[in-house]
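Note sheet for the following structure.
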Amino acid sequence: MNKVFTELKKILVIVLLVIVILYVYTFLHEGGHALTVLLYGGDINSFVLGLKAHISYDNANFTVSGEALNQMAGTALPVLIGMVMFIFYNKKNKAYIYHIGYILTAAMLTGSLLSWVFIPIISLFQMPPQGDDVTKFLNIADVNPIYVSLIALLVMSGLVYLILKKGLFENVKWIYGSIYKPGKVLSKSFICAVVIAACLLMILFVRNKPILERSFDINATIEKQEKIDFKIQKDKVYQLELDLEAQGFITDVRILDENGNLIYQNFGEWFFLTTNIELSKGSYTLELSYLTDKEALKQHLEDMEYEQLDLETMTLLEKIYENTGSNYAATLKVKLS
């Protein structure tokens, strides 16, 4: 039994380290965005860490270059701090957890740079992932995607060179032996420790069943509107997540109570956001409207009796319809929990 606890302790320490590094990375990533927002006079409204990491802000007076810098900052800040960390890496340190921490950090930083290498290339042939920092940068900055990809590859190569020069991967065999000394077959204690760790992780990360979780396959040339009813059993603040990858048309998302009062509304070409909404016990309706041309947009704004939008906002919305290559197909993911 002591062997099981020994193996379990090692595994749980590594799992804990992964979680800590994830939160530190997302803190630095979102911190990069937050620093840029503050630099341009904005206010930070929320700062969320973890797998759903994001910030929300307002009043930032971004220039075009400032907005581009904001999209880069989320990757640039952790990579810069990571490079400083690797300068001080000591390969003679005898604590295996020390080296594992550095290996996980190296993997996370390299992975973040890979998106800056591949997404610009993808954008040359098809629509890149909407909502990603790289895609937003490409939409804002007047830069050839190939240049973006090459610069990211150069930075990543510099990071990998530094990691190799400091001898991080020379200790991999020793680290593996410190965690598990393999024989002909996996020991029962090791297998038991893995099972216990997996069960603890399931308990740790399990969440209550969402109130509403739905994926909509949109074909805006056929359906112009969709509705789905749902019920709230308890008065509280709920978290709403919207993830929409679309191009060339506008989607209006609304939540109405049983009396037809508007509780939440947002519209745009694509979404990737998390927000909090306060709901009382009762029945609600989620309404989706797909607007595929300028006239449909104007008529919809009139029908819904929305406040009149200023000329600049209307011009930006109407520019969405200039993408003649859109097939008006997309997927919208909605989660209320």
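The values are calculated or read from the model by the stated rules, or taken from the named source; none is laboratory data. These numbers were taken from a predicted model, which means no experiment stands behind them. Glycine gets a Cβ as well: all are built from the backbone with ideal geometry, and neighbour counts include every protein chain shown. Each accessible area value is taken on the protein alone, full model and side chains, heavy atoms only, with ligands, DNA and RNA left out. Shrake-Rupley method; radii C 1.70, N 1.55, O 1.52, S 1.80 Å.
When each of Glu305, Glu295 is tested for being free of Cβ contacts under 8 Å to residues at least 60 places away in the same chain and either in contact with a Cys (Cβ under 6 Å, 6 or more places away or on another chain) or at positive phi (or both), the lone residue that passes is Glu305. The single condition from (1) open to solvent by 70 Å² or more (accessible area, probe 1.4 Å); (2) out of contact with any helix residue (DSSP H, G or I) (no Cβ under 8 Å at 6 or more places or on another chain); (3) within 30 Å of Ile11 (Cβ to Cβ) that Leu80 fails is (3). Asp43 satisfies every condition listed in (1) within 15 Å of the chain's Cα centre (by Cα); (2) more than 16 Å from Asp133 (Cβ to Cβ) except (1). All conditions but one from (1) in contact (Cβ under 8 Å) with a residue 40 or more places away in the chain; (2) more than 22 Å from Thr26 (Cβ to Cβ); (3) surrounded by 15 or more Cβ atoms within 10 Å (Cβ to Cβ) apply to Lys91; the one that does not is (3). Restricting attention to segment 122-138, the residues that are in contact with a Pro (Cβ under 7 Å, 6 or more places away or on another chain) and either open to solvent by 20 Å² or more (accessible area, probe 1.4 Å) or within 18 Å of Tyr23 (Cβ to Cβ) (or both) add up to 4.
Within segment 139-162, residues that are under 14 Å from Met72 (Cβ atoms) and open to solvent by 60 Å² or more (accessible area, probe 1.4 Å) have Cβ atoms under 6 Å from residues that are among the hydroxyl-bearing types (Ser, Thr, Tyr) and in a helix (DSSP H, G or I) in no pair, counting only partners at least 6 apart in sequence or on another chain. With the requirement that a residue be modelled with pLDDT under 85, exposed (fewer than 12 other Cβ atoms within 10 Å of the Cβ) and not in a helix (DSSP H, G or I), what does segment 277-318 give you? Matches in segment 277-318: Glu305, Glu307, Gln308, Asp310. Looking at segment 11-20, is at least one residue modelled with pLDDT of 85 or more and not hydroxyl-bearing (Ser, Thr, Tyr)? The answer is yes; a qualifying residue exists. Across segment 234-254, the qualifying residues are those that are touching a strand residue (DSSP E or B) at 6+ places or on another chain (Cβ under 8 Å) and over 18 Å from Lys335 (Cα atoms), and the one among them that is most open to solvent (accessible area, probe 1.4 Å) is Gln247. Of the numbered criteria (1) within 29 Å of Ile211 (Cβ to Cβ); (2) exposed (fewer than 12 other Cβ atoms within 10 Å of the Cβ), the one Leu273 fails is (2). The set of residues from segment 94-111 being open to solvent by 50 Å² or more (accessible area, probe 1.4 Å) and closer than 13 Å to Met156 by Cβ comprises Ala107, Met108. Remark: pairs (first residue in segment 35-53, on the phi < 0 side of the Ramachandran plot; second residue of a type in the set (Val, Ile, Thr) and surrounded by fewer than 11 Cβ atoms within 10 Å (Cβ to Cβ); Cβ separation under 8 Å; 6+ apart in sequence or on different chains) = Tyr40/Thr63.
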